[in-house]
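The values are calculated or read from the model by the stated rules, or taken from the named source; none is laboratory data. If you're wondering where the values come from, they're calculated on a predicted model, not measured in any experiment. Positions of Cβ are backbone-derived with ideal geometry, glycine not excepted, and every protein chain shown enters the neighbour counts. Surface accessibility is based on the protein's heavy atoms, side chains included, excluding ligands, DNA and RNA. Shrake-Rupley method; radii C 1.70, N 1.55, O 1.52, S 1.80 Å.
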Amino acid sequence: QRVTNRLHARALTQLGHVLSTPDVSDTERLWAVYYEGVALYYTNRLDSAEARFRRVADVGRLQDDSQLVATAAWTTALVHARRDDLNATLRQIAVAENTALGETDDVLGVPFLCDVSIALGGLGELDVAERYLNAATERSGVFPDQIVFARYVFDARMGREVDVEAQLQRSPP
């Protein structure tokens, strides 16, 4: 846990350097703010993470950048899921899905589907989580490790036998 926190602290420091650099374009700066939010999310600083994602979504709307808006909604959904707020999680998932460019858009690719499956499964919505997991599985062969991990989490939540050691070798925490 300490190693992970140190890595996230280093990431936040590096992102702070990027954000303080005057040569950074507005788009690069906005993505840096987004990734700062991601690092804050992983250190469980949810209010700060959500504020970053809200800022990214607001600017994305002003710039008419659907990828930024959908990406910010996706990660905001994860924040709400961590807070056990099903309604807010579902609203943000809907924003991400309705804002993205389409089924082949990067924003709603396999990582999104896997994250949504894990988040909704954690909130007890196992039927919906399975639909998202199946959608991820039906996509092309990209991100196979994320699909395997999401399947592992889903199977564990369903009470099915899972091989913890095999999963740890494939994708350590």
Failed condition for residue 130, given (1) modelled with pLDDT of 85 or more; (2) more than 24 Å from residue 93 (Cβ to Cβ); (3) in contact with a helix residue (DSSP H, G or I) (Cβ under 9 Å, 6 or more places away or on another chain)
(2)
Which pairs have Cβ atoms under 8 Å, sit 6 or more apart or on different chains, and link a residue in region 43-54 that is in contact (Cβ under 8 Å) with a residue 40 or more places away in the chain to one that is open to solvent by less than 30 Å² (accessible area, probe 1.4 Å)?
none
Looking at residue 90, is it open to solvent by 70 Å² or more (accessible area, probe 1.4 Å), among the hydrophobic types (A, V, I, L, M, F, W, C) and modelled with pLDDT under 95?
no
Output yes when any residue across region 22-37 is assigned to a helix (DSSP H, G or I), out of contact with any helix residue (DSSP H, G or I) (no Cβ under 7 Å at 6 or more places or on another chain), at pLDDT below 95 and open to solvent by less than 90 Å² (accessible area, probe 1.4 Å), and no when none is.
yes
